[in-house]
Amino acid sequence: MTRQFNEAAIPTIALTGKNSHEVRQRAIDRLEKGEIRYIISVDIFNEGVDIPSVNQVLMIRPTQSAIIYVQQLGRGLRKADNKQYLTVVDFIANYKNSFLVPVALYGDTSFNKDNLRKLLVGESQGLPGACTIDFDRIAQQQIFDSINQSNMRKFSDLKLDYKLLKNVLGRIPMMMDFYSLGKRDPYQFVEYTGSYLEFVQKVDNEANLELSEFNLELLGYIQKFVNDTKRGLESEILVSIIQNGIYTIKESGRRDVFDAIHVINLNFDFKRHRKSDMRISEKMEVELLLVEGTNVIPTEVFQLILREEVFSEFLLDSSLYSQSVYRDKKAKGVICGGFILHEKYSRRDVLRLLNWDKNRNATTLGGYRLSPDGTNCPLWITYNKHEVEDSINYADEFLSPSRFQWMSRSRRTTRSRELQPIINAPASGVRLPFFIKKSDNEGIDYYYLGDVVPVKEAIEDTTMPDGKGGQLNVVKFELEFEHRVPDELYSYLIR
């Protein structure tokens, strides 16, 4: 590298760990005097060296550690006379751990993939002062690919983060500790083992926390399916029940409370049991909450369970965590009919927040499905469809940040009964929430882009290839977004 720089008439010196302290100091002196432009070092100067006048740092090595990355960047952060800014150029390369770049630059150590994607899309948003970050298009895509492909829930990493925080606190860390201190997203522990308590039992022999098999299973279901940060009301009710033994219903939110109780009572979600799918409440044969007048109260069974200190402590912690995360999301975002604009939701989340009676298998939902009560029809789009059959390769595409071309299922026409509520929306009383993900590599969650309205004059019957040389009927729509898609998110999705 040094040879290439010097041949390009850029005076440069190379240093490694083999060079003596005297040789290194002479190189630093020459750099500060302007006799050379760069020192290219290998495995030295990551920390401990003080060269205040440095105003450019080139990152040429692969990013192995967010901590080392920040240490290297920090070599240029000292103030000096006539030094007005620092420029950092990172040659990211196609490296599997390049997801550590946003971790380091933005200081987000939650290892939550959605958080990292948002930071990357926003580039300089939220950075202090006059700091800016510009990602080369190819480099940005490589980081997105690294985020998609990386396992952010490796047991060794989860265990290490748990142990580190325990050492700092001097006690068992709770989910709220991870959240309030800006550490790893604690919901990852729930996803890994089924409940946070089970993770603690798995990695911490000193914890000595016991819970009956039934209560441990119940705790896991509530932590995973109720306290998942997607809506705050369920967690708010649980916090009040645990702390006060009662939750008072406000008349204006009565319907919402009943829908939330349906979820808390584990009536929405299903589990495989005895060779059939059963509501979790039926599998567990338990009811947790009931309504008496204007109050929500725990059933006698749930009162007994809550008397178990370990259960109550970990459930309260989980509920406070979920409530806090949702409040923060809500404060930073825009609420549209129960969803936060540009947040990500799975199909299951969508049905839950639209207050469907029960979860549905994704294969039965397809790209859209009218709700049983006929009030809503969510649309799910995967923008980049790779290696799919012609008969399902719909020509869905953005026409602009405010308009989207969307295709119905094949073998449908404008006369098809299932399409009438969509064609006639919103006059039909049907709400059309729009969800999209860039590709299946992103996982099962979709960005909520707001509700859409069909452009009447643009609805038309057309055809698409059936993969066998023939054509299939299909209806083409143009959908108008109620909220214009932000430029950063729009650019990310269409690339």
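The values are calculated or read from the model by the stated rules, or taken from the named source; none is laboratory data. What you see is a predicted model; the values in this text were computed from it and never measured. All Cβ positions, even for glycine, are placed from backbone atoms using ideal geometry, and neighbour counts span all protein chains on display. What goes into the accessible areas is simple: the full protein's heavy atoms, side chains included, and nothing from ligands, DNA or RNA. Shrake-Rupley method; radii C 1.70, N 1.55, O 1.52, S 1.80 Å.
Take Ile138 and decide whether it is without any contact (Cβ under 8 Å) to a residue 12 or more places away in the chain, among the β-branched types (Val, Ile, Thr) and not in a loop (DSSP other than H, G, I, E, B).
Considered against the rule, which asks whether it is without any contact (Cβ under 8 Å) to a residue 12 or more places away in the chain, among the β-branched types (Val, Ile, Thr) and not in a loop (DSSP other than H, G, I, E, B), Ile138 comes out as yes.
When region 468-495 is examined, which residues are found to be more than 19 Å from the chain's Cα centre (by Cα) and of a type in the set (Gly, Ala, Ser)?
Matches in region 468-495: Gly469, Gly470.
Considering region 448-477 alone, what residues qualify as being in contact with a helix residue (DSSP H, G or I) (Cβ under 9 Å, 6 or more places away or on another chain), open to solvent by 50 Å² or more (accessible area, probe 1.4 Å), under 23 Å from Ala425 (Cβ atoms) and part of a strand (DSSP E or B)?
Answer for region 448-477, where residues must be in contact with a helix residue (DSSP H, G or I) (Cβ under 9 Å, 6 or more places away or on another chain), open to solvent by 50 Å² or more (accessible area, probe 1.4 Å), under 23 Å from Ala425 (Cβ atoms) and part of a strand (DSSP E or B): just Lys476.
Restrict the check to region 414-421 and report whether at least one residue is under 30 Å from Gly333 (Cα atoms) and out of contact with any Asp or Glu (no Cβ under 8 Å at 6 or more places or on another chain).
Yes, there is a match, as at least one residue in region 414-421 is under 30 Å from Gly333 (Cα atoms) and out of contact with any Asp or Glu (no Cβ under 8 Å at 6 or more places or on another chain).
Could you please find all residues in region 145-174 being among the hydroxyl-bearing types (Ser, Thr, Tyr) and open to solvent by 60 Å² or more (accessible area, probe 1.4 Å)?
Scanning region 145-174 gives a single hit, Ser156.
Considering region 28-44 alone, what residues qualify as being surrounded by fewer than 18 Cβ atoms within 10 Å (Cβ to Cβ) and assigned to a helix (DSSP H, G or I)?
Matches in region 28-44: Asp29, Arg30, Glu32, Lys33.
Working only within region 2-16, note down all residues that are outside any helix (DSSP H, G or I), farther than 20 Å from Ser53 by Cβ and either open to solvent by 70 Å² or more (accessible area, probe 1.4 Å) or not β-branched (Val, Ile, Thr) (or both).
Ala8, Ala9 - these are the residues of region 2-16 that are outside any helix (DSSP H, G or I), farther than 20 Å from Ser53 by Cβ and either open to solvent by 70 Å² or more (accessible area, probe 1.4 Å) or not β-branched (Val, Ile, Thr) (or both).
Restricting to region 241-280, and then to whatever is open to solvent by less than 60 Å² (accessible area, probe 1.4 Å) and without any contact (Cβ under 8 Å) to a residue 40 or more places away in the chain, can you tell me which residue is nearest to Gly220 (Cα to Cα)?
The residue in question is Asn265.
I'd like to check something: does region 45-57 contain any residue that is charged (D, E, K, R), more than 27 Å from Asp136 (Cα to Cα), more than 41 Å from the chain's Cα centre (by Cα) and open to solvent by 30 Å² or more (accessible area, probe 1.4 Å)?
no
Which number in (1) open to solvent by 30 Å² or more (accessible area, probe 1.4 Å); (2) within 16 Å of Glu234 (Cα to Cα); (3) of a type in the set (Asp, Glu) marks the one condition that Glu313 misses?
Among (1) open to solvent by 30 Å² or more (accessible area, probe 1.4 Å); (2) within 16 Å of Glu234 (Cα to Cα); (3) of a type in the set (Asp, Glu), Glu313 violates only (2).
Inside region 398-427, can you point out the residues that are within 15 Å of Phe481 (Cα to Cα), touching a residue at least 24 places away in the same chain (Cβ under 8 Å) and of a type in the set (Ser, Thr, Tyr)?
Ser402
Yes or no: region 448-464 includes at least one residue that is of a type outside the set (S, T, N, Q), at positive phi and under 34 Å from the mean Cα position of the chain (by Cα).
yes
Being buried (at least 16 other Cβ atoms within 10 Å of the Cβ), under 21 Å from Phe225 (Cα atoms) and touching a residue at least 60 places away in the same chain (Cβ under 8 Å) narrows it down to one of Leu341, Leu354, so name that one.
Only one candidate qualifies: Leu354.
One line per residue, one yes/no per condition, for (1) within 27 Å of Tyr106 (Cα to Cα); (2) touching a Phe, Trp or Tyr at 6+ places or on another chain (Cβ under 6 Å):
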{"site": "His21", "(1), (2)": "no, no"}
{"site": "Leu31", "(1), (2)": "no, no"}
{"site": "Gly34", "(1), (2)": "no, no"}
{"site": "Arg37", "(1), (2)": "no, no"}
{"site": "Pro52", "(1), (2)": "yes, no"}
{"site": "Leu58", "(1), (2)": "yes, no"}
{"site": "Pro62", "(1), (2)": "yes, yes"}
{"site": "Ile68", "(1), (2)": "yes, no"}
{"site": "Leu73", "(1), (2)": "yes, no"}
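Being assigned to a loop (DSSP other than H, G, I, E, B) and more than 27 Å from Phe99 (Cβ to Cβ) is the requirement here; does Asn19 meet it?
Yes; evaluated as a whole, the condition is true for this residue.
Quick one: Glu213 ticks every box in (1) among the charged types (D, E, K, R); (2) surrounded by fewer than 16 Cβ atoms within 10 Å (Cβ to Cβ); (3) more than 30 Å from Asp269 (Cα to Cα) bar one, so which box is it?
Of the numbered conditions (1) among the charged types (D, E, K, R); (2) surrounded by fewer than 16 Cβ atoms within 10 Å (Cβ to Cβ); (3) more than 30 Å from Asp269 (Cα to Cα), the odd one out for Glu213 is (3).
Is it fair to say Lys332 is without any contact (Cβ under 8 Å) to a residue 24 or more places away in the chain and under 17 Å from Tyr447 (Cβ atoms)?
Judged against the criteria, Lys332 is a match.
Residue check, Gly122 against (1) touching a Lys or Arg at 6+ places or on another chain (Cβ under 8 Å); (2) closer than 30 Å to Asp177 by Cα; (3) touching a residue at least 60 places away in the same chain (Cβ under 8 Å), all met but one. Which one?
Answer for Gly122: the failing condition is (1).
Name the pairs: first residue in region 55-79 and over 17 Å from Asp43 (Cβ atoms) and charged (D, E, K, R), second residue modelled with pLDDT of 85 or more and open to solvent by less than 50 Å² (accessible area, probe 1.4 Å), Cβ to Cβ under 6 Å, at least 6 apart or on different chains?
Hits for this filter: Arg78/Pro52.
Quick test for you: out of Arg348, Arg360, pick the one residue that is basic (Lys, Arg), farther than 19 Å from Val430 by Cα, crowded, with 18+ Cβ neighbours inside 10 Å and out of contact with any Gly (no Cβ under 9 Å at 6 or more places or on another chain).
Values: Arg360 fails: crowded, with 18+ Cβ neighbours inside 10 Å.
Going through Arg348, Arg360 in turn, the sole match is Arg348.
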